1. Please give the number of the condition Ile388 fails out of (1) closer than 21 Å to Gln205 by Cα; (2) touching a Gly at 6+ places or on another chain (Cβ under 7 Å).
2. Filter the range 148-188 for residues that are of a type in the set (S, T, N, Q), farther than 21 Å from Phe253 by Cβ and at pLDDT 80 or above and give the result.
3. Give the residue, chosen from Thr100, Thr120, Thr89, Thr153, that is hydroxyl-bearing (Ser, Thr, Tyr) and under 21 Å from Val233 (Cβ atoms).
4. Does Asp336 meet the test of being assigned to a helix (DSSP H, G or I), touching a residue at least 24 places away in the same chain (Cβ under 8 Å) and of a type in the set (Asp, Glu)?
5. Residues in the range 73-85: is at least one surrounded by 13 or more Cβ atoms within 10 Å (Cβ to Cβ), modelled with pLDDT of 85 or more, hydroxyl-bearing (Ser, Thr, Tyr) and closer than 30 Å to Val297 by Cβ?
6. Counting only residues that are under 20 Å from Glu187 (Cα atoms), in contact with an Asp or Glu (Cβ under 9 Å, 6 or more places away or on another chain) and basic (Lys, Arg), how many does the range 199-238 have?
7. When the range 111-125 is examined, which residues are found to be under 12 Å from Phe255 (Cα atoms), assigned to a loop (DSSP other than H, G, I, E, B) and not acidic (Asp, Glu)?
8. I'd like the residue in the range 127-146 that is in a strand (DSSP E or B) and closer than 21 Å to Asn70 by Cα and, out of all such residues, is farthest from the chain's Cα centre (by Cα).
Amino acid sequence: MKKLLLLLTSLFVVLGLSACSLKDQFQSSPSQTSVSGILVEQTPADKESGTHFLVDVSGNKVAVRSLTINLSADEYLGNKVKASGQMNTTDNVFEINGLTVDEILSKNTKQTKQLEYKDTDAGFRLNYPDDWKQSGSKDKIVFTAPLPTGTKTAATLTIEQKPFTYEAKQKADGTLDSALEVYFNQENSDKKFDKAMLSKIGVDQMDALKITSPLKTSYTLYRSGLIYIVTFVPANPVKAEDENTFNKIVADFQFVSMDSNEADLPPATAGEEKTASDLPKLDMDMTTFESLPYQFVGKYPASWYYAGVKNTTNADVLHHYGFTDTVNGKEIISLDVLADGIPNGGTKLSFSGKTLVVFENGDNYTVYSTVKSRNFKFAGPASYRDLILFMAASLDSADGLAQQ
């Protein structure tokens, strides 16, 4: 039976769940709650703060507002919805940052279906409404909103892809610069990069450089060897529902495996080539751990413990796992799910078609692995090099796992 480690470090929260329910860590957040009810507009006679109410079956009302979603849009107003967000304790208004329709009750609601766009050449997928038109090629995909009467130009969402060579370099404070920082500085010699410009977007909450202007909004993402730019240009005159659709598409954006994964692994310095028979033989039983949101499985010692936590302190790391040999012990081996690529350099090792990149620095041993366009970093003391290498080599895709 897999066990979940209680790691009391600055990175980790205390976890008391079975590791078999690891997916729960990705799907819940103590600051996020949800409220359901029929969405109605407030009237001038209402004294509550906010702009709208959610009314439940008993007639109880919750005052709500949203800075990102047009709550008066026909698709929401008068319908039963489920809202996610946080309660503002200052004025007791629930602030909505996510909204889905559970039941259509209003006759004014325009019913559209969601279509999936998936391009394994370009390496991404998303959902978009069936009344938007799609055109373009691998390097530039354009989604165009319908053009209502009285509108001069329709809103467009464009996704561009272009190659970007990036080599991580250490800064004066000891940290590595990020691909998005390097890209921004190259493209904007008159401006200075600020981490406040970074946002988390998409299904996997990836780092994106957000730039807004009166004429457009864009998100720039990095994937090993590639830059993606997602740009929204509003209609003229502006339609609030178009921007809401854009926010939904961005929230659903996700990188997928590419038909050719040559760009997924950056060049490494020439190193020794090893076969699967050279994989270290371990004198311990191994068991399996898995991640549903990131779709991977791996091996770790059956007698050890582990825990995972979403990383909020390092923009280059989506999720951090720690492994140790005692219940409340100090982390020995770490596994990071990376938002960016793998640094150049190191020694390249091959095991049954899987390529690993190894860095040895004194007592530290680090191994990078790539699984279906997702990059991972294993690290720990050099005395555990055989176990670290084995764990990195065992990492594999888990496409068959069901999202719950």
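The values are calculated or read from the model by the stated rules, or taken from the named source; none is laboratory data. On a predicted model such as this, the values are computed, not experimentally measured, just so you know. As a convention, Cβ positions derive from the backbone with ideal geometry for all residues, glycine included, and neighbour counts pool all protein chains shown.
1. Result: Ile388 fails condition (1) only.
2. Quick first cut of the range 148-188, residues of a type in the set (S, T, N, Q) only: 149, 151, 153, 156, 158, 161, 165, 170, 175, 178, 185-186, 188.
When the remaining residues are screened for being farther than 21 Å from Phe253 by Cβ, the result is 149, 151, 153, 165, 170, 175, 185-186, 188.
Selection gives Thr153, Asn185, Gln186, Asn188.
3. Numbers: Thr100 fails: under 21 Å from Val233 (Cβ atoms); Thr120 fails: under 21 Å from Val233 (Cβ atoms); Thr89 fails: under 21 Å from Val233 (Cβ atoms).
It is Thr153.
4. Details: assigned to a helix (DSSP H, G or I): no; touching a residue at least 24 places away in the same chain (Cβ under 8 Å): yes; of a type in the set (Asp, Glu): yes.
So Asp336 fails the test.
5. Of all residues in the range 73-85, those surrounded by 13 or more Cβ atoms within 10 Å (Cβ to Cβ) come to 73-85.
Adding the requirement that they be modelled with pLDDT of 85 or more leaves 76-85.
The next check asks that each one be hydroxyl-bearing (Ser, Thr, Tyr); those that pass are 76, 84.
Filter once more, keeping what is closer than 30 Å to Val297 by Cβ: 84.
Yes, the range 73-85 has at least one match.
6. The total comes to 1.
7. The answer is Thr120, Ala122, Gly123.
8. Of all residues in the range 127-146, those in a strand (DSSP E or B) come to 127-129, 133-137, 140-144.
Keeping just the survivors that are closer than 21 Å to Asn70 by Cα gives 127-129, 143-144.
Values: Asn127: 16, Tyr128: 18, Pro129: 22, Phe143: 22, Thr144: 25 Å.
Per the criteria, the residue is Thr144.
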